[in-house]
Amino acid sequence: MGHRPIKLGKIGSFSFITYEESYVRIRNFASGLRSIGVEPNQHVGLYSKNRIEWQLASEACHTQSMVTIALYDTLGEDASLHILNHGEITCLCISFEEFIKIKHIADKCIYLKNLIVFEELTDQIKLDCDNLNLNVFSFSEIEPRSQNLMFNDVIPTPDTLATIMYTSGTTGTPKGVMLTHENLIAARSGVSLTILPVSPDDVLISYLPLAH
């Protein structure tokens with residue numbers, strides 16, 4: 001997976017990590033999640049613009065049969081609060097930019113216990129989370145937590161819930177679409193067999209939000 005870092009307002013060259021490096025980080029992050037009390041079948045939110053950490057966190061959740069729920073970075077407070085409560089999100093992986101929004105409604109989140117910020121923590125974030133009775137960690141803290149305690153994968157069955165996709169719908173509050181691991185495999189297989197065969201030589205560039 002690659003990204004183009006921005007330094008001093010200028011977009012740099014692509015920087016990549018390999019499949020092996022990705023897999024190690026995914027396993028480490030998954031075990032880190034378990035070490036802070038996130039259990040299989042619990043719901044984990046992802047709230048950020050596209051970034052490598054978003055994808056690593058998502059894949060890590062699926063190795064433990066956790067349910068991922070993505071929030072659009074364009075959501076307002078009311079829609080975000082609805083998804084966090086209706087989706088029973090206990091742990092939220094979030095960028096600093098989105099934390100600024102979420103801290104105003106976090107005290108109304110019924111299930112939320114753990115917050116994982118993709119960037120390094122500031123003293124203000126720690127203070128805000130302490131006032132909100134939330135456990136807060138940086139992404140770089142969660143990965144090393146697994147070094148002394150690695151958890152085995154929790155393999156899903158075809159019927160295991162993989163993700164809940166919230167859409168704006170046509171009216172009212174966002175609607176949650178429940179997708180199993182079988183649903184995801186069927187979609188992937190259908191694309192490969194009927195529309196676009198995928199080979200190891202292909203490269204995917206993501207433009208739309210990963211939440212989409």
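Just so you know, all these numbers are worked out from the coordinates, no wet-lab data involved. Please read all numbers here as calculations on a predicted model, not as lab measurements. Here Cβ is always computed from backbone atoms with ideal geometry, including for glycine, and neighbour counts include all displayed protein chains.
A few points about this structure:
- Highest mean packing first, where packing is the average number of other Cβ atoms within 10 Å per residue, the peptides 121-128, 89-96 line up as 89-96, 121-128.
- Charge dipole of the chain (Cα centre as origin; +1 on each Lys and Arg Cβ, -1 on each Asp and Glu Cβ, all else neutral): 220 debye, rounded to the nearest 20.
- In this simple spin-label approximation, residue 107 and residue 171 carry label points 7 Å from Cα along the Cα→Cβ vector, and these lie 3.5 nm apart.
- Model label zone, residue 124; criterion: amide N under 11 Å from point 7 Å along Cα-to-beta-carbon; scope segment 55-84: none
- C-alpha center-to-center spacing [segment 62-98, segment 143-167] in angstrom: 16
- Relative contact order [Cα under 8 Å, 6+ residues apart], segment 12-104, whole percent: 33
- Per-residue 3J(HN,Hα) values for segment 110-120, derived from phi via the Karplus relation 6.51 cos²θ - 1.76 cosθ + 1.60 with θ = phi - 60°, read 5, 9, 5, 10, 10, 10, 10, 8, 5, 8, 5 Hz in sequence order (x marks Gly and Pro).
- Interatomic Cα distance distribution for segment 84-198, bins of 5 angstrom, percent: 2, 9, 14, 15, 16, 16, 14, 8, 4, 2, 0
- Potential extension, residue 194-residue 50 segment - 0.36 nm per residue separation minus Cα distance: 49.0 nm
- Measuring nothing but how far apart in sequence close Cα pairs (under 8 Å, 6+ apart) lie, relative to its length, segment 72-188 scores a relative contact order of 20 percent.
- Here the alpha carbons of the chain define both size measures, Rg and Dmax, at 17.3, 53 Å.
- Straight-line reach from residue 113: taking Cα to Cα under 26 Å and skipping same-chain neighbours fewer than 8 places apart, the lysines in range are 49, 101, 103, 126, 175.
- Ranked by how many other beta carbons lie within 10 Å on average, peptides 193-205, 131-143 from highest: 131-143, 193-205
- Contact order relative to length of the chain, as percent, for alpha carbon pairs under 8 angstrom and 6 or more apart: 21
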